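The values are calculated or read from the model by the stated rules, or taken from the named source; none is laboratory data. Quantities reported herein were computed from a predicted structural model and do not represent experimental measurements. Because the Cβ atoms are built from the backbone with ideal geometry, glycine has one as well, and the counts that use them run over all protein chains shown.
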Amino acid sequence: MKTFSTLILATSLLANVAHGHYIFEYLTANGVEGAAYQNIRKNTNYNSPVTDLTSNDLRCNVGGESSNGTTTVSIAAGSSVTFRADIAVYHQGPVSFYMTKVSDTTTADGSTPWFKIKDIGPTFPGGTWDLEQSYSVTIPSCLAAGDYLLRIQQLAIHNPWPAGIPQFYISCAQVKLTGSGSSSPSGVSIPGAFKDTDPGYTVNIYSNFNNYTVPGPAVWAC
Ligand SMILES: *[C@@H]1O[C@H](CO)[C@@H](O)[C@H](O)[C@H]1NC(C)=O
Ligand SMILES: *[C@@H]1O[C@H](CO)[C@@H](O)[C@H](O)[C@H]1NC(C)=O
Ligand SMILES: [Cu+2]
């Protein structure tokens, strides 16, 4: 019996690793969609989720700690960019966008402070999630020009804590902002910004699900 359940556990863990997850590979900037990983850093984990709240992989995913061939795209502050995944997102959970100002996008490891520029949470009543293949964000128009990493995070909470563990699906784009803005928001560290006591992390979305607070800092706006 023990061997049997160990086998089932091993098989389901294997299935978890093997099944393909949505990977945000394509960035549309200035109205043009780039090739896969042209402006988005590669991951080396086939987008198996990051689940360790203390891991540096929470920044730009496993393998995303430097550019590894990804190039930086110039965009105007105030313009809109879109991340597109290879397949549509299918695990329920919120989507957030973060930015961090860096001195050089090719070497930046994401250890600089991150500020959040958008959350996409569920709608109530019903607690319906916006599961899409593409998500867009407008870059705040007052941000200072310069190099930034732009990070998308989809936090899958379909297996409720603590029996399950929330899963982070992450990609970082490399952008150079142009414009005459002067804002330099303060930010939070990643890892560190997400805790296993956050209501948006611990919530059971299948039971009395009437409101939701997306984890992380408040959204910063001009
Ligand atoms: C860098 O890119 C190459 C080619 O796509 C890939 O094989 C390799 O795994 C990447 N390395 C990292 C650390 O991402
Ligand atoms: C829902 O709202 C209550 C009351 O403000 C709060 O305590 C709780 O953490 C919220 N739940 C979620 C999942 O954000
Ligand atoms: Cu999955």
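Checking the conditions here, which among Gly63, Gly69, Gly126, Gly110 is at positive phi, crowded, with 16+ Cβ neighbours inside 10 Å and assigned to a loop (DSSP other than H, G, I, E, B)? Can you show your working first?
Numbers: Gly63 fails: crowded, with 16+ Cβ neighbours inside 10 Å; Gly69 fails: crowded, with 16+ Cβ neighbours inside 10 Å; Gly126 fails: crowded, with 16+ Cβ neighbours inside 10 Å.
Matching residue, one of Gly63, Gly69, Gly126, Gly110: Gly110.
Using the structure shown, decide if Ile165 is away from ligand 2 (no atom under 16 Å from the Cβ), among the aliphatic types (A, V, I, L, M), part of a loop (DSSP other than H, G, I, E, B) and out of contact with any Lys or Arg (no Cβ under 8 Å at 6 or more places or on another chain). Break it down into steps so the answer makes sense when it comes.
Values: away from ligand 2 (no atom under 16 Å from the Cβ): yes; among the aliphatic types (A, V, I, L, M): yes; part of a loop (DSSP other than H, G, I, E, B): yes; out of contact with any Lys or Arg (no Cβ under 8 Å at 6 or more places or on another chain): yes.
So Ile165 fits the description; yes.
Tally up the residues in region 44-64 that are under 16 Å from Ala108 (Cβ atoms), over 12 Å from the mean Cα position of the chain (by Cα) and polar (S, T, N, Q), please.
1
Given the residues Ile165, Ile152, Ile157, which is the only one that is at pLDDT 95 or above, closer than 26 Å to Thr213 by Cα and touching a strand residue (DSSP E or B) at 6+ places or on another chain (Cβ under 7 Å)?
Numbers: Ile165 fails: touching a strand residue (DSSP E or B) at 6+ places or on another chain (Cβ under 7 Å); Ile157 fails: touching a strand residue (DSSP E or B) at 6+ places or on another chain (Cβ under 7 Å).
Matching residue, one of Ile165, Ile152, Ile157: Ile152.
State the number of residues belonging to region 56-93 that are more than 16 Å from ligand 3 (Cβ to nearest atom) and touching a strand residue (DSSP E or B) at 6+ places or on another chain (Cβ under 9 Å).
Adding up the residues that qualify gives 21.
From Ala88, Ala35, which residue is free of Cβ contacts under 8 Å to residues at least 12 places away in the same chain, more than 23 Å from Gly181 (Cα to Cα) and exposed (fewer than 15 other Cβ atoms within 10 Å of the Cβ)? Break it down into steps so the answer makes sense when it comes.
Working: Ala88 fails: free of Cβ contacts under 8 Å to residues at least 12 places away in the same chain.
After ruling out the rest, the residue left standing is Ala35.
Pick from Gly146, Gly200: which is over 27 Å from Gly20 (Cα atoms) and surrounded by fewer than 22 Cβ atoms within 10 Å (Cβ to Cβ)? Walk me through how you get there before you give the answer.
Values: Gly200 fails: over 27 Å from Gly20 (Cα atoms).
Exactly one of Gly146, Gly200 is over 27 Å from Gly20 (Cα atoms) and surrounded by fewer than 22 Cβ atoms within 10 Å (Cβ to Cβ), namely Gly146.
Across region 63-106, what is the total count of residues that are within 30 Å of Pro160 (Cα to Cα) and within 16 Å of ligand 1 (Cβ to nearest atom)?
4
For region 110-162, enumerate the residues that are over 24 Å from Ile87 (Cβ atoms) and basic (Lys, Arg).
Across region 110-162, the qualifying residue is only Lys116.
Residue pairs, Cβ under 8 Å, 6 or more apart or interchain, first in region 194-214 and over 12 Å from Pro160 (Cβ atoms) and more than 6 Å from ligand 2 (Cβ to nearest atom), second charged (D, E, K, R) and modelled with pLDDT of 95 or more. List them.
So the pair list comes out as Val214/Asp119.
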